[in-house]
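Quick notes on the structure that follows.
Every read-out reported here was derived from the displayed coordinates using simple, explicitly stated rules and does not represent laboratory data. These figures come from a predicted structure and were not determined experimentally. Reconstructed Cβ throughout: ideal geometry from the backbone, glycine too, with neighbour counts over all protein chains shown.
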Amino acid sequence: MALLEGKTLLVTGVLTDSSIAFHVARLAQEQGAQVVLTSFGRQMRLTQVIARRLPQAAPVVELDVTSQDDLDALADRVREHTDHLDGAVHSIGFAPQSVMGGNFLAGEWADVATALQVSAYSLKSLAVASQPLLTRGSALVGLTFDARYAWPVYDWMGVAKAAFESTARYLARDLGPAGIRVNLVSAGPIRTTAAKSIPGFESMEGGWPERAPLGWDVTDPEPTARAVAALLSDWFPATTGEIVHVDGGVHAMGL
Ligand SMILES: NC(=O)c1ccc[n+]([C@@H]2O[C@H](COP(=O)([O-])OP(=O)(O)OC[C@H]3O[C@@H](n4cnc5c(N)ncnc54)[C@H](O)[C@@H]3O)[C@@H](O)[C@H]2O)c1
């Protein structure tokens, strides 16, 4: 039996075919799942085009995680395609350029607040909005970048990721009794649109392949997507509040 046979999954964050979420959706379909995508605003059109490049064209419903109207409408929009969900993938991140790039001390609250709302609080928003459709044994999976450290240029996005990781633990606590698991994949650097929008991203990815005991390919989202698929599957039935590192092993190394 395929890993995700018979499951129906909501996948956020497909922007281009370099998006981590695109590869999650592709793998999920290859492993037997039905997939519904989300996108928002002017990106809807692009996501609809990219959705046709999946093994099976997937429907796209509108969700801007900062819009309460979209969050309130999400369950009904998804119900146009399925009556339940076995999982949801949070693959969303955004911070204004002013709060990344190595000028941490200049970060202003309005821009930091945007980063926190879109990149951290949104995990709670997505969980609550999709909860009416989530069944016992279902899983929420999100993507992080190891928030234990201060990285070059990541700045307030790193702070947002720390909040995101903490949010996942509280969601694991509060959704566990409903049989919903909440886990994160901490990925190494991958050249996506979001990554390339970080001023000086090269200084984050630089040296990663050399430091990783297993090596690391910044152009290959497949290992990360596989881990997301595994956490969505029935093969982690007693795991929640966990962060699985998919970084070639860098997180475990000293200098
Ligand atoms: N690329 C990396 O090096 C890397 C490493 C670790 C973790 N991550 C995380 O992976 C996730 C996916 O990013 P990616 O690298 O695939 O880049 P990406 O640019 O392909 O995806 C980011 C997505 O966030 C979505 N988004 C932004 N604001 C939104 C909003 N208000 N409402 C709904 N969606 C919104 C965008 O539409 C886009 O699809 C992010 O959480 C990112 O922080 C990326």
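Express the C-alpha Rg of the stretch 1-105 as a ratio against the empirical globular expectation 2.2 N^0.38 Å, rounded to two decimals. Don't jump to the answer; show the numbers that get you there.
Numbers: Rg = 14.8 Å, N = 105, 2.2 N^0.38 = 12.9 Å.
Dividing the Cα radius of gyration by 2.2 N^0.38 Å gives 1.15.
Projected over all directions and averaged, the alpha-carbon convex hull of the chain occupies 13.0 nm². From the alpha carbon centroid of the stretch 115-177 to that of the stretch 1-63 is 20 Å. The angle between the Cα long axis of helix 156-175 and the longest principal axis of the Cα atoms of the chain comes to about 30 degrees, rounded to the nearest 10.
Please find the FRET efficiency linking K196 to A57, where r is the Cβ-Cβ separation and R0 is fixed at 25 Å, and quote it to the nearest 0.05. So the FRET efficiency works out to roughly 0.40. Taking 7 Å steps out from each Cα toward its Cβ at A252 and A73 produces label points 4.7 nm apart.
Arranged from fewest to most other beta-carbon atoms within 10 Å of their beta carbon, M253, M100, M1, M204 become M1, M253, M204, M100. In the elastic network of the chain, a GNM with C-alpha springs shorter than 10 Å, the most mobile of V141, V244, V182 is V244. Go ahead and estimate [θ] at 222 nm for the chain from helices alone: -39,500 (n - 2.57) per DSSP H run with n ≥ 4, summed, over the residue count, rounded to 500. Helix contribution divided over all residues of the chain: -10500 deg cm²/dmol. Take the Cβ atoms of E205 and A238, set R0 to 25 Å, and the FRET efficiency comes out at 0.15.
Treating the beta-carbon of each Lys and Arg as +1 and of each Asp and Glu as -1, no other charges, what is the dipole magnitude of the stretch 25-128 about its Cα centre, to the nearest 20 debye? Let's see the in-between values first.
Values: 8 positive and 12 negative charges, 89 e Å.
It comes to approximately 420 debye.
Quick one: if the Förster radius is 25 Å, what FRET efficiency do Y170 and R42 give, using the C-beta to C-beta distance and rounding to 0.05?
That pair, Y170 with R42, gives E of 0.15.
Taking chymotrypsin sites (Phe, Trp or Tyr not before Pro) in DSSP loop conformation with at most 14 other Cβ atoms inside 10 Å as exposed sites, the chain has its longest uninterrupted site-free stretch at 1-148.
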